[in-house]
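Here's the structure we're looking at; comments come further down.
Laboratory data are not the source of any read-out in this text; all were calculated from the coordinates shown. The structure displayed is predicted, hence computed values, not measured ones. Please note: Cβ atoms are built from the backbone with ideal geometry, for glycine as well, and neighbour counts cover all protein chains shown.
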Amino acid sequence: MPVRLRPVTEADLPHLTGSDTPYEDFGPRNPRTAPYDPSLTADLGGLAVVEGEDVVGSLSWVQLRWGPNEASRSPMIGIWLAASARGRGIGTEAQRQLADLFFLHTTVNRVEAHTDRENLAEQRSLEKAGFRQEGVARGAQWREGAHHDLYVYSVLREEWASGR
Ligand SMILES: CC(C)(COP(=O)(O)OP(=O)(O)OC[C@H]1O[C@@H](n2cnc3c(N)ncnc32)[C@H](O)[C@@H]1OP(=O)(O)O)[C@@H](O)C(=O)NCCC(=O)NCCS
């Protein structure tokens with residue numbers, strides 16, 4: 001089934017439950033009651049991942065700032081897929097498509113993703129989508145009663161362009 005990204009609608013929200021893996025267990029949180037902002041320049045944005053006609057997950061991003069100017073912003077992306085959609089290449093395809101959108105429609109030089117040292121599926125998925133592991137953010141994320149190391153991944157515009 002073809003995979004595509006589109007803005008999240010209110011009808012999608014009941015399908016975007018999240019928080020069903022240890023990597024997203026941040027304690028009780030309010031369910032999402034409004035769609036993400038689909039604008040690629042939004043400080044906090046997101047899109048739905050659709051397989052055929054079914055919404056199977058979401059991608060979101062926050063803008064990191066490596067300097068005070070616009071040219072030093074880079075989106076850091078995150079993804080969640082429903083359990084039934086995992087392990088079939090959808091995460092790879094969706095993250096590749098989101099990187100394409102950022103490089104085609106904004107001037108960012110770098111798209112980032114962070115994932116737990118133990119999240120092998122996401123590490124592999126990012127690598128297949130063209131991201132490179134560039135280091136470890138040590139003890140960065142508090143979850144399940146402990147701080148966890150995160151691998152930092154990125155794809156640069158020139159790498160994306162040469163891979164097309
Ligand atoms: C992580 C996630 C986005 C990956 O998407 P996906 O569609 O399941 O992944 P893909 O099928 O595109 O690729 C997964 C790759 O990891 C590999 N993989 C999966 N589990 C693995 C494991 N335990 N050890 C090693 N490799 C593993 C698969 O074999 C595949 O690689 P291959 O194609 O070379 O065989 C998805 O599984 C998910 O939403 N998980 C729950 C939420 C989550 O962890 N989000 C990321 C938080 S940072």
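For this structure, a couple of remarks:
- Only one residue of Pro2, Val50, Leu40 has its Cα farthest out toward the positive end of the dipole of the chain, where Lys and Arg carry +1 and Asp and Glu -1 on Cβ, and that residue is Leu40.
- Cα lying deepest toward the dipole's positive end in segment 1-141, options Asn109, Ser19, Trp80, charges on Cβ: Asn109
- Here the dipole of segment 51-135 is about 240 debye; that uses its Cα centre as origin and unit charges on the Cβ of Lys and Arg (positive) and Asp and Glu (negative).
- Computed about the Cα centre, the dipole magnitude for the chain is approximately 340 debye when only Lys and Arg (+1) and Asp and Glu (-1) carry charge, each at its Cβ.
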